[in-house]
Each structure stands twice: as C-alpha cells, then as structure tokens.
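First comes the structure, then the notes that go with it.
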Amino acid sequence: MSIQPRPPIYPDPCAAFYAGAEPVPTVTTTQMVEVDRAMVEDYGISLLQMMENAGRALAGQARRQLGGSVVGQRITVLCGAGNNGGGGLVAARRLQDWGAQVDVTLVHHPDEYHGVPQHQLQILQALHRPVHSAGLPSPGAALTIDALIGYGLNSAPQGRAADLIHWANDQAAPILALDTPSGIEVGSGQVFQPAIHAAATLILALPKQGFLHPEVQPLLGTLLVADIGVPPELYLRLGLEVSSIFARQDTVALSCQQDLGPSGEASPTA
C-alpha cells in the first residue's frame, strides 16, 4: 500500500524540545518504566487514573484538530491490547459521549485484552458500543487515532497491527498518534517497518529520547505533550528538572531547537 506523505515537522535535525521558552527534557524507555512503576507503587496513583487522564487528553486534542466540535464527525480509533490501546479506548468513549461517530478497531479479539485495557473495553461493551476485531475499518473518516503500540515496542509490528498501520497510512485522514507513532522504538529512535506517519503526536508525560533521532522526526508531525499527573518529585528522583509547563493548560505544544550553527546561535522552530 502507498503511504500518504506527511511533511516533517522540522526541516533540520532537532537537538532539544521546548514548551514556550522552557526546555523540556526527554526520557529513556527505562525512565518511563520507572515512572509508571513509581506512580503506582510509591505514590498510589493508579494505572486506571493515568489511563483516564491520557484518554481524556487524547480526545480533547482530537476535538481541537477537528475544529472544536466532533458532533457527527467520523473518527477511527485503532487500539492495541496494551496501555496505549487502553488510552485509545478511553478517548473513543469520550469522543462518542461528545457526539462523534467512532469506529473502534481492535488489534486482537476482545478476549485477549487483560488488566486495565480490558476494563476500558468492558466499559464500552457495557454501554453497548460496537467494537471491531476483524477486517479493516471503513475509509472516509475525518481523523484516525493511532493507539496501537506504545513505548514498549522493540521489534517490527507484525500481523494485524502491521495491516492496520499500512491501512492508516494509506488513508487521506490525518493521523493523531498517542505518545508515539506506532512502529518506533522510542529509546534508540529505530524506525521499524511499517510505522505510522502521524500528522500530530500527543506525547504523554515527557518526550521520548528517540524523538531526537533524525529518522524519527518526519513521522511525528506536530508535537504536543499532555499532563497525565506525574508529580515533579518523581522526575527529580530520576534527575530530571521539569518546569511548570502545564501551569496554564494540560496540553502544550512543543517546539524544536536545532543544533547550534557556526554563529553559536540556535533558533527554536514551531
């Protein structure tokens, strides 16, 4: 299948991310695993809470991308069986609540969803909202949401996940990716095939280290970061200083600072 071209967000390699004038650090995969662990085990902030925060932020960003209202809009949400897919299921529910026509497409049979993602799927089932685990979605949606694979990917997508990535890239609808476009190893920045070509990526917590890799940046689209409730004390434990980037709103746009040129100056670009 052909891939609809998405213009790279940055014409030159990105050296650092900024929210306004504030630098935003990147995190490694190991650090994100520790963030998730500490949130639950050390601070008592449950995975369910984080997933609801992520899904609400994703739905809100989808609404903004569609002009401020989703009433009557067709949206396809592609959901894996992990926590990324669980966030997609939350977003699908919220968008349906707001009046959108949402096609929820699962990578696996519903019986293969477990834990908190299973809980989110069961909410949709209790509401008698249809989900599909076979075939490809119908074309013609206004927006596709990629919630297939999160930061834990370490090999090329296979099977139905790969088929859905190819399908999404072949559509005219822009793709909004949750946390990372599916198909990217976010620690090293390795791009597997296939990989989502996103029009926008809604990052959870902090941008991933691999997003600075030149091969990754054309796949990210517009970068935004969402607050999922990680306390600054946790970041400090990891040696990360995170300013109050969410002081005014819980989703903020990121800009890029390119490598220093011969003059020693760097110009942030939106």
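The values are calculated or read from the model by the stated rules, or taken from the named source; none is laboratory data. Quick caveat, the model's predicted, so the values are computed rather than measured. No Cβ is skipped: glycine too gets one built from the backbone with ideal geometry, and neighbour counts run over all protein chains shown.
What's the number of the condition Leu212 fails, among (1) among the hydrophobic types (A, V, I, L, M, F, W, C); (2) surrounded by fewer than 23 Cβ atoms within 10 Å (Cβ to Cβ); (3) closer than 22 Å to Thr76 by Cβ?
Among (1) among the hydrophobic types (A, V, I, L, M, F, W, C); (2) surrounded by fewer than 23 Cβ atoms within 10 Å (Cβ to Cβ); (3) closer than 22 Å to Thr76 by Cβ, Leu212 violates only (3).
List pairs: first residue in the stretch 156-171 and touching a residue at least 24 places away in the same chain (Cβ under 8 Å) and farther than 15 Å from Ile145 by Cα, second residue assigned to a helix (DSSP H, G or I) and not acidic (Asp, Glu) anywhere in the structure, Cβ distance under 8 angstrom, at least six positions apart or on different chains.
Ala156/Ala162; Pro157/Ile165
Which numbered condition trips up Asn154, out of (1) surrounded by fewer than 24 Cβ atoms within 10 Å (Cβ to Cβ); (2) closer than 26 Å to Tyr18 by Cβ?
(2)
How many residues are surrounded by fewer than 19 Cβ atoms within 10 Å (Cβ to Cβ) and either among the acidic types (Asp, Glu) or touching a Ser or Thr at 6+ places or on another chain (Cβ under 6 Å) (or both) when one looks only at the stretch 41-52?
Final tally of qualifying residues: 2.
Is it true that Ile228 is in a loop (DSSP other than H, G, I, E, B), free of Cβ contacts under 8 Å to residues at least 60 places away in the same chain and crowded, with 22+ Cβ neighbours inside 10 Å? I'd like the intermediate steps shown before the answer.
Details: in a loop (DSSP other than H, G, I, E, B): yes; free of Cβ contacts under 8 Å to residues at least 60 places away in the same chain: no; crowded, with 22+ Cβ neighbours inside 10 Å: yes.
For Ile228, the condition - in a loop (DSSP other than H, G, I, E, B), free of Cβ contacts under 8 Å to residues at least 60 places away in the same chain and crowded, with 22+ Cβ neighbours inside 10 Å - is not met.
Just wondering, is there one or more residues in the stretch 161-179 that are among the β-branched types (Val, Ile, Thr) and not in a helix (DSSP H, G or I)? Full working, then the answer.
Our first condition is that a residue be among the β-branched types (Val, Ile, Thr); within the stretch 161-179, this holds for 165, 175.
Then drop every residue that is not not in a helix (DSSP H, G or I), which leaves 175.
Within the stretch 161-179 (the criterion being among the β-branched types (Val, Ile, Thr) and not in a helix (DSSP H, G or I)), the answer is yes, since at least one residue qualifies.
Are any residues in the stretch 183-206 assigned to a loop (DSSP other than H, G, I, E, B) and closer than 15 Å to Asp146 by Cβ, and if so, which ones?
First, the residues of the stretch 183-206 that are assigned to a loop (DSSP other than H, G, I, E, B): 183, 186-189, 192-199, 205-206.
Listed by number, the residues that qualify are Gly183, Val186, Phe192, Pro194, Ala195, Ile196, His197, Ala198, Ala199.
Are there any strands (runs of 3 or more DSSP E) wholly within the stretch 7-87 with 2 or more residues that are under 15 Å from the mean Cα position of the chain (by Cα), and if so which?
74-79
Residues of the stretch 158-175 being under 19 Å from Ala59 (Cβ atoms) and out of contact with any helix residue (DSSP H, G or I) (no Cβ under 6 Å at 6 or more places or on another chain), which ones?
Initial filter on the stretch 158-175 (under 19 Å from Ala59 (Cβ atoms)): 168, 173-175.
Result: Ala168, Ala173, Pro174.
Looking at the stretch 103-151 only, could you name the residues that are under 18 Å from the mean Cα position of the chain (by Cα) and surrounded by fewer than 16 Cβ atoms within 10 Å (Cβ to Cβ)?
None - no residue of the stretch 103-151 is under 18 Å from the mean Cα position of the chain (by Cα) and surrounded by fewer than 16 Cβ atoms within 10 Å (Cβ to Cβ), so the list stays empty.
Taking the stretch 172-193, which residues are out of contact with any strand residue (DSSP E or B) (no Cβ under 9 Å at 6 or more places or on another chain) and either at pLDDT below 95 or under 18 Å from Met32 (Cβ atoms) (or both)?
Quick first cut of the stretch 172-193, residues out of contact with any strand residue (DSSP E or B) (no Cβ under 9 Å at 6 or more places or on another chain) only: 172, 188, 193.
The one that is out of contact with any strand residue (DSSP E or B) (no Cβ under 9 Å at 6 or more places or on another chain) and either at pLDDT below 95 or under 18 Å from Met32 (Cβ atoms) (or both): Ser188.
For the subset of the stretch 194-231 comprising residues that are among the polar types (S, T, N, Q) and closer than 23 Å to Glu34 by Cβ, which member is farthest from the chain's Cα centre (by Cα)? Walk me through it before giving the result.
Quick first cut of the stretch 194-231, residues among the polar types (S, T, N, Q) only: 201, 209, 217, 222.
Still in the running and closer than 23 Å to Glu34 by Cβ: 201, 209.
Numbers: Thr201: 5, Gln209: 15 Å.
It comes out as Gln209.
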